[in-house]
Amino acid sequence: MKVRQKKRNFVSEMQEINQSHIKYLLGVGPKKAETLQKEIQVVTWEDMLYYFPYKYIDRSKIFTVRELQRISGQERNDNSMPYIQLKGKISDFQIRGEGSKRRLSAVFSDDTGSIDLVWFQMLKHIMTTYNETTEYILFGKPTVFGHRLQVAHPELETENKFYDGQLGVQGLYNTTERMKNAFLHSRAIQKIITQILENIKTPLPETLPQEITDKAYLVSLDTALRNIHFPQTPEMLRQAQYRLKFEELFYLQLNILRITKYREKRIAGLRFSQVGEFFNYFYFNHLPFELTGAQKRVVKEIRQDANSGRQMNRLLQGDVGSGKTLVALLSVLIALDNGFQGAIMAPTEILATQHYETISELLAGMPVEIALLTGSTKKKVRTEILPKIKTGEIKIVIGTHALIEDTVEFANLGLVVVDEQHRFGVVQRARLWKKNATPPHVLVMTATPIPRTLAMTVYGDLDVSVIDELPPGRKPVKTVHTYEKKRGHLYESVRKQLQEGRQVYIVYPLIEESEKVDIQNLLEGFEKTKQIFPEYKVSMLHGKMKPAEKDAEMQRFVSGETQIMVATTVIEVGVNVPNASVMLIENAERFGLPQLHQLRGRVGRGADQSFCILVTKYELSENTRKRLAIMTETNDGFRIAEEDLKLRGPGDIDGTQQSGIAFNLKIANLAHDGQILTTARDFAQAILDADPLLEQPQNALLARQLVRLNKEKQMGWFMIS
Ligand code: ADP
Ligand code: MG
């Protein structure tokens, strides 16, 4: 009886905070509520409580203008000035400029000096709200403007109001331009949250079982949420952050590990019990070179896994040029030996075609029918090969996403190899499982090194194999960074390589927003290259070309008919031309680290010394300089991945999306919270070891939370249950 009573309270409280609409709060109203929904997807009290400050400042400190001038003198880059507080008076309100340049300026002074204030909006309102006799506390982020310190749109409070218990450590909330225009600046968010917390009388219900909060030394959710917004002490803030990060990472791990358990329990794995004719004949008669030790080890791991009675879900990591294609082929041959078909899926037509050609050549003379299936496969060819895939006559299918379309039916697909697909998370992989009555084994291959923490999160349900050895005789690529102005020298060293019979890539950036300009750059680059190297033939490749044209152009380069390839990043992934020894990247400042590393991987694939030349303009941001320095320092893909994660600011969703996470972490940061992640994962693992599918009553809260999070975040969780 008692237990039931308690449960009901719990549920009703839950409903309250995720059903109470913020628009009914004082000073919010329908208009602001709409802005909050559009800009930061906040609708309910709960959403608002989970909108955390992005940083904290100590508002007990009040600077003097003179102190500020000293700080600004040290900081050359004015964007790095911190948020500060000053105490003083405003004078000299003046409206200046016309049209879009219209603004209100004023001077803010204390005993030690003065700074400028400026507003671009609500000029009249500002002028009537503030006067020249009151002393204000100013809060804002100064910039240097024409040798003077300036604060745009400062927050101003009269001193009285301020000392009302508001000093100390305070959170700052991210706000968008639209939010600021609707008067929803950081301080306003803070006021909304204050109201919500004041309205919640009973402690907020727990979202983690007591056993976990006890064992992991976590403060309660109620304490955590109150302190994340209004820290009582720096230590309480730390504990609040820890608890919320833990919870976020814990549920991610619980979800992904539960998928693994589900698979183990509910899916019978195909058994590849023998290694037979196909594998052995190829291995002893066709293999063009000795496998590296790492390749041998990985093939063995795959063989054992595919014969364990469990469905294989394996990630194969191996730096560019480490020979993953061969491992893929050997695995496919084992599938064939056991009476199954194999499929290899690549992200682009160019890469699929290249795999098709490489593999056809390697298997030449063996009785294996192979088909290429991409978006541009002609209808006539399609109608020819689809039935043969269905009957099993075609044993190996190589292609793009086209090969997992519903129209493609297999007789008995035993293994799918997924090559270089960075967005191939658990949801996409689960779709492959449906391609056979018993889900096929899945091997995901990537050369994009994934930092450990990210791998645990995106690919946390996969077993991992690593090729940590390059084929013998490879020389590490030499990387240099140079400026546009020094082009003369550059072309001479490139010419030297061409004279020795090597080939050269010249890459231009292409970003969608500025596509037209970029294409223009590329075309100009193409013309210029032809002028500078009149004695050589030049190819060009970009995404806007028709697939057939692209293939033909690539083919000309592969065969050596052309010596220089001017291209956009379409050549980024996987393409293999061992004779190419120079990768020249124009506007290198516009590329991310993983992309630069991928591009560099296109050279250094033969026995000759290769070069990667990063060309940039002269003025570069600090961050870009670091990126380029890392490229020149190391060829180690894993180190590059870790550095990349560190260089990204917290909350860089783009970065994580690129790596395959389809959701946004609210508070945890994969670059810095590796330790918390590991702990959270251990807890999740222990729970699932005892109760693999979360069916026992003591785990009901966990199961319910997973369903809830799944609904809210649409992470595609549970798509298999
Ligand atoms: P990636 O791992 O980047 O996909 P590839 O499979 O394209 O690398 O292999 C890169 C190059 O190395 C190819 O030209 C391939 O033929 C060659 N290669 C692969 N394995 C070996 C080996 N064991 N010994 C020598 N060369 C190899
Ligand atoms: Mg490859």
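So the values come out like this:
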{"quantity": "Cβ charges +1 (Lys, Arg) and -1 (Asp, Glu), total dipole of the range 277-467, debye", "calculated": "400"}
{"quantity": "Heavy-atom surface of the range 115-208, accessible at 1.4 Å and reported per residue (Å²)", "calculated": "51"}
{"quantity": "Computed magnitude of the charge dipole of the chain (debye, nearest 20; Cβ of K, R +1, Cβ of D, E -1)", "calculated": "820"}
{"quantity": "Residue-normalised accessible area of the range 478-634, expressed per residue, 1.4 Å probe, Å²", "calculated": "45"}
{"quantity": "Unit charges at the beta carbon, dipole of the chain: most positive-side option, 576, 221, 82", "calculated": "221"}
{"quantity": "Options 270, 281, 529, ranked by Cα towards positive dipole end of the chain, top entry (Cβ charges)", "calculated": "270"}
{"quantity": "Helix 637-647 vs. the chain, principal-axis angle (Cα, 0 to 90°, nearest 10)", "calculated": "20"}
{"quantity": "Accessible carbon and sulfur surface of the chain relative to its total accessible area, %, 1.4 Å", "calculated": "51"}
{"quantity": "Gyration tensor (alpha-carbon) shape descriptor, the chain, a/c threshold 1.5", "calculated": "oblate"}
{"quantity": "Interchain or long-range residues, amide H under 5 Å from residue 313's placed H", "calculated": "442, 463"}
{"quantity": "Average accessible area per residue (Å²) across the range 277-467 - probe 1.4 Å, nucleic acids and ligands excluded", "calculated": "37"}
{"quantity": "Mean projected area (nm²) of the alpha-carbon convex hull when the range 277-467 is viewed from all directions", "calculated": "10.2"}
{"quantity": "Built amide H within the under 5 Å cut-off of residue 562, gap 5+", "calculated": "557"}
{"quantity": "Antiparallel %, DSSP beta bridges [both residues in the chain], to 5", "calculated": "35"}
{"quantity": "Selection from 241, 641, 342 lying farthest towards where the dipole of the chain points positive, charges on Cβ", "calculated": "241"}
{"quantity": "Estimated [θ] at 222 nm from DSSP helical runs (n ≥ 4, -39500 (n - 2.57)) normalised by residues in the chain, nearest 500", "calculated": "-13000 deg cm²/dmol"}
{"quantity": "Cut-off under 5 Å, modelled amide H: who pairs with residue 369 long-range", "calculated": "395, 396"}
{"quantity": "Cα-based shape type of the range 478-634, given that a ≥ b ≥ c are square roots of the gyration tensor eigenvalues and the cut on a/c is 1.5", "calculated": "rounded"}
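The values are calculated or read from the model by the stated rules, or taken from the named source; none is laboratory data. All values derive from a computational prediction rather than experimental measurement. Every residue, glycine among them, receives a Cβ derived from its backbone with ideal geometry; neighbour counts consider all protein chains shown. Keep in mind that these areas ignore ligands, DNA and RNA; they rest on the heavy atoms of the full protein, side chains included. Shrake-Rupley method; radii C 1.70, N 1.55, O 1.52, S 1.80 Å.
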